[in-house]
1. Identify the single condition in (1) of a type outside the set (A, V, I, L, M, F, W, C); (2) over 15 Å from Asp13 (Cβ atoms); (3) over 12 Å from the mean Cα position of the chain (by Cα); (4) surrounded by fewer than 19 Cβ atoms within 10 Å (Cβ to Cβ) that Thr102 does not satisfy, given that it satisfies every other one.
2. Scan the stretch 9-29 residue by residue and report those that are of a type in the set (A, V, I, L, M, F, W, C) and not in a loop (DSSP other than H, G, I, E, B).
3. Within the stretch 45-63, how many residues turn out to be under 14 Å from the mean Cα position of the chain (by Cα), assigned to a helix (DSSP H, G or I) and not aliphatic (A, V, I, L, M)?
4. Run Glu97 past the list (1) surrounded by 15 or more Cβ atoms within 10 Å (Cβ to Cβ); (2) of a type in the set (D, E, K, R); (3) farther than 17 Å from Val35 by Cα and report the number of the one that doesn't hold.
5. For the stretch 1-24, which positions are surrounded by fewer than 21 Cβ atoms within 10 Å (Cβ to Cβ) and of a type in the set (Ser, Thr, Tyr)?
6. Consider Asp85 against the criteria (1) touching a helix residue (DSSP H, G or I) at 6+ places or on another chain (Cβ under 9 Å); (2) away from the ligand (no atom under 14 Å from the Cβ); (3) touching a residue at least 40 places away in the same chain (Cβ under 8 Å): it satisfies all of them except one. Which criterion is unmet?
7. Is the stretch 30-40 home to any residue that is within 11 Å of the ligand (Cβ to nearest atom) and either part of a loop (DSSP other than H, G, I, E, B) or of a type in the set (Val, Ile, Thr) (or both)?
8. Every residue in the stretch 105-139 that is of a type in the set (A, V, I, L, M), near the ligand (Cβ under 10 Å from one of its atoms) and either in a loop (DSSP other than H, G, I, E, B) or surrounded by fewer than 17 Cβ atoms within 10 Å (Cβ to Cβ) (or both), please.
Amino acid sequence: MAENRTFTMIKPDAVEAGNIGAITKMIENAGFKIVSMKYTRLTKQRAGQFYAVHRERPFYEDLCDYMSSGPIVAMILEKNNAVADFRTLIGATNPAEAAEGTIRKLFATSIEANAVHGSDSDDNAKIEGSFFFSDLEQY
Ligand code: UDP
């Protein structure tokens, strides 16, 4: 069922701004079922592991500092065509380029503090979900 699931985080800026409820409501209204949900936080080291693919990029250090700066909400979501449909719902990485009505357009404050994460492939959705949730928590 991996192709019907994706993984998301509500990032520290959106949690701090009190937008957990509004963002979760948008996700549910778009037809996603919440399979797993956890209010937690990343250490800088864990953030570095999660974003290891970006370790050579100039923004990596700042990104790890930011992602470990406060609590996050991790979720596994289920819907037909979940990965692509969720990317559409959240909008472009840079909120200045995000389409009207997308989560990032509405809630992101910068290209770094961009409110939410969304997996970019079925394989990564599975890897990222398992980064936060045990097998039992993913039922
Ligand atoms: N990011 C950043 N500066 C950039 C590009 C990305 O700080 O120039 C951050 C941003 O928080 C983004 C994350 O790194 O969400 C991962 O980047 P990616 O290119 O994978 O974007 P996404 O898939 O999250 O849209």
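1. Looking at each condition in turn, Thr102 falls short on (4).
2. Met9, Ile10, Ala14, Val15, Ile20, Ala22, Ile23, Met26, Ile27
3. Qualifying residue count for the region: 1.
4. (1)
5. Passing the criteria: only Thr24.
6. Result: Asp85 passes all but (1).
7. No: the stretch 30-40 contains no residue that is within 11 Å of the ligand (Cβ to nearest atom) and either part of a loop (DSSP other than H, G, I, E, B) or of a type in the set (Val, Ile, Thr) (or both).
8. Ala108, Ile111, Ala113, Ala115
Read-outs throughout are calculated quantities, based only on the coordinates presented, and are distinct from any laboratory measurement. No experiment lies behind these values; they were computed from the predicted model shown. Please note: Cβ atoms are built from the backbone with ideal geometry, for glycine as well, and neighbour counts cover all protein chains shown.
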